[in-house]
Amino acid sequence: MKIRENVNLSELTTMRLGGPTDFLIEIDTPEEISDAVEFAEEKNLPVYFLGAGANVIGLDEGFPGIIIKNNIKGFKILRENKNQLLLKVGGGEIWDDFVEFVSKKGYSGVEAMSKIPGTVGAAPVQNIGAYGQEVKDTLVSVEAFDTLIDEFIEIPASKMDFSYRHSIFNSGKDKGRYFILTCTFRLDKKNPEPPFYKSLQSYLDEHKISAYTPETIRDAVSNIRAEKLPDPKKIPSAGSFFKNIYLDASSAKLAEEKGVPIRKTEKLDASGKKYIEYKVNTGWLLENAGLKGKTFHGFKVSDKAALILINESATSSKDLELAKQEITDQVKKKFGLTLEQEPVEIKEEKPETNKVQKEDIS
Ligand SMILES: Cc1cc2nc3c(=O)[nH]c(=O)nc-3n(C[C@H](O)[C@H](O)[C@H](O)COP(=O)(O)OP(=O)(O)OC[C@H]3O[C@@H](n4cnc5c(N)ncnc54)[C@H](O)[C@@H]3O)c2cc1C
């Protein structure tokens, strides 16, 4: 394991903000995580788990503690037949390298999530998704280190309580408890089938692409994204800064009265009961509040994809807070809806149960 002292969070995050952390530990093998956690316990410092820093915000005060960064690599085929692939992937692998690997082999399930920045290990944390696919649809399980009982465990996807940008890893009493070491995916040997997302279908039609394979869809999505999304290596951002909004029927009606388009989709809940999902496209709200292309305290609401805040010149997380406040106030005033931030701040995450209760759990 590699240890560095006094590393700025701005170096570790794609939004390029944040003061120093006491230690940065990079984990190359699953075994090293227990050494890193032991190191933190000896120093009595909190830990924060990090991947490529594409969905986090570093604060000016930094992180007084230890950042543990996942660098565990490797692809291991557990089972492969003419219909399916069961693949275990190191959590430190780049997500898009995994998508490329399986799409090239003709397996479907993740091709619409091509070019999402970040690591494989972070993908289940907010249940990443794009163009109609989500990680929850292909993830089978993860191997993790449980910092509460200091043990390696396997968590099946059915226990992860997945929904839009939500899982047990980023919400509730177990937030920050598990370090994800590897992820196992089940992918089907088949071609993706329409209906596709509107913008994806338009691209396919425009380019006269009618042979839908994991690779052609991957290429289409990659090209669409290259057109409108900032490359985190060149342009600082944390991707979508605000989440889309899901409403109940009565709030959806109120929003509709203010002119907000609501996408209604029939869905099935966990018990198989039908319900209507009411979704507001937050990009539409920002655009129609006249904010697209405007700059607030050094952050620009992208003129290509309004959900994205680009860090043009800011160096302080306080400026981000001010920008966020002004943007949310304007949307609230115009449409009566409250925006919620997607990227998380790097600060201590305390699972609700602490180590004293270890005996009760094991
Ligand atoms: C330009 C751009 C476009 C984007 N587009 C999309 C998109 O289309 N769809 C989408 O869903 N997201 C998108 N994102 C957000 C981001 O790519 C994803 O959230 C991605 O999963 C972040 O991966 P990461 O490795 O950078 O995680 P980080 O940002 O490093 O961490 C994110 C969270 O996961 C936790 N975490 C990280 N690694 C581990 C681990 N091994 N174990 C436990 N917890 C861990 C962290 O503590 C943190 O809470 C975009 C971001 C950018 C910059």
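Okay, residues lined up against (1) within 8 Å of the ligand (Cβ to nearest atom); (2) open to solvent by 10 Å² or more (accessible area, probe 1.4 Å); (3) within 20 Å of the chain's Cα centre (by Cα):
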position: Asp60; (1), (2), (3): no, yes, no
position: Pro64; (1), (2), (3): no, yes, no
position: Gly74; (1), (2), (3): no, yes, no
position: Asn83; (1), (2), (3): no, yes, no
position: Gly92; (1), (2), (3): yes, no, yes
position: Val99; (1), (2), (3): no, no, yes
position: Glu111; (1), (2), (3): no, no, yes
position: Ala122; (1), (2), (3): yes, yes, yes
position: Gly129; (1), (2), (3): yes, yes, yes
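Checking each residue in the range 197-226 for being at pLDDT below 95, within 15 Å of the ligand (Cβ to nearest atom) and not small (Gly, Ala, Ser) picks out only Tyr197.
Kindly evaluate Thr265 against the criterion of being over 22 Å from the mean Cα position of the chain (by Cα) and either crowded, with 18+ Cβ neighbours inside 10 Å or within 16 Å of the ligand (Cβ to nearest atom) (or both). Give the derivation first.
Values: over 22 Å from the mean Cα position of the chain (by Cα): yes; either crowded, with 18+ Cβ neighbours inside 10 Å or within 16 Å of the ligand (Cβ to nearest atom) (or both): no.
No, not satisfied.
Candidates Phe49, Phe23: the one that is more than 14 Å from the ligand (Cβ to nearest atom), closer than 25 Å to Gly90 by Cα and not assigned by TED's automatic domain parsing to the domain that holds Ser317 is Phe23.
How many residues, within the range 227-242, are more than 9 Å from the ligand (Cβ to nearest atom) and within 18 Å of Ile128 (Cβ to Cβ)?
Start the filter on the range 227-242 by keeping residues that are more than 9 Å from the ligand (Cβ to nearest atom), which leaves 227-228, 233-234, 241-242.
Right, trim to within 18 Å of Ile128 (Cβ to Cβ) and you get 228, 241-242.
Qualifying residue count for the region: 3.
Just one of the numbered conditions (1) near the ligand (Cβ under 9 Å from one of its atoms); (2) open to solvent by less than 20 Å² (accessible area, probe 1.4 Å); (3) touching a helix residue (DSSP H, G or I) at 6+ places or on another chain (Cβ under 7 Å) is not true of Lys115: (2).
Here Asp150 passes the criteria (1) at pLDDT below 95; (2) under 22 Å from Glu345 (Cβ atoms); (3) charged (D, E, K, R) except the one numbered (2). The set of residues from the range 139-195 being of a type in the set (Phe, Trp, Tyr) and closer than 17 Å to Ala122 by Cα comprises Phe145, Phe162, Tyr164, Phe169, Tyr178, Phe179, Phe185. Scoring Pro194 on the criteria (1) under 30 Å from Ala40 (Cβ atoms); (2) more than 10 Å from the ligand (Cβ to nearest atom) leaves a single failure, condition (1).
Here the condition is being among the aliphatic types (A, V, I, L, M), more than 22 Å from the chain's Cα centre (by Cα) and not assigned by TED's automatic domain parsing to the domain that holds Ser316; of Leu204, Leu200, it holds for Leu204 alone. Before we move on, is Lys69 away from the ligand (no atom under 14 Å from the Cβ) and modelled with pLDDT of 95 or more? Spelling it out, it is not the case that Lys69 is away from the ligand (no atom under 14 Å from the Cβ) and modelled with pLDDT of 95 or more.
In summary, Ile67 fulfils each of the numbered conditions (1) in the same structural domain as Tyr212 (by TED's automatic domain parsing); (2) under 24 Å from Asp28 (Cα atoms) with the single exception of condition (1). Counting only strands (runs of 3 or more DSSP E) wholly contained in the range 251-362, the ones carrying 2 or more residues that are over 30 Å from Leu12 (Cβ atoms) occupy 263-268, 274-280. In the condition set (1) modelled with pLDDT under 95; (2) touching a Pro at 6+ places or on another chain (Cβ under 9 Å), Ile180 is compliant with all but (1).
For Gln330, are the conditions met, namely being in contact (Cβ under 8 Å) with a residue 40 or more places away in the chain and within 28 Å of Gly51 (Cβ to Cβ)?
Details: in contact (Cβ under 8 Å) with a residue 40 or more places away in the chain: yes; within 28 Å of Gly51 (Cβ to Cβ): no.
No: the conditions fail for Gln330.
Quick check on my filter: what residues within the range 216-255 are open to solvent by 20 Å² or more (accessible area, probe 1.4 Å), more than 19 Å from the chain's Cα centre (by Cα) and closer than 10 Å to Val280 by Cβ? Answer for the range 216-255, where residues must be open to solvent by 20 Å² or more (accessible area, probe 1.4 Å), more than 19 Å from the chain's Cα centre (by Cα) and closer than 10 Å to Val280 by Cβ: Leu247, Ser251.
The values are calculated or read from the model by the stated rules, or taken from the named source; none is laboratory data. Small disclaimer: the values here were computed from a predicted structure and weren't measured. Using ideal geometry, Cβ is built from the backbone for each residue, glycine included, and neighbour counts are taken over all protein chains shown. With ligands, DNA and RNA removed, areas are computed over all heavy atoms of the protein, side chains included. Shrake-Rupley method; radii C 1.70, N 1.55, O 1.52, S 1.80 Å.
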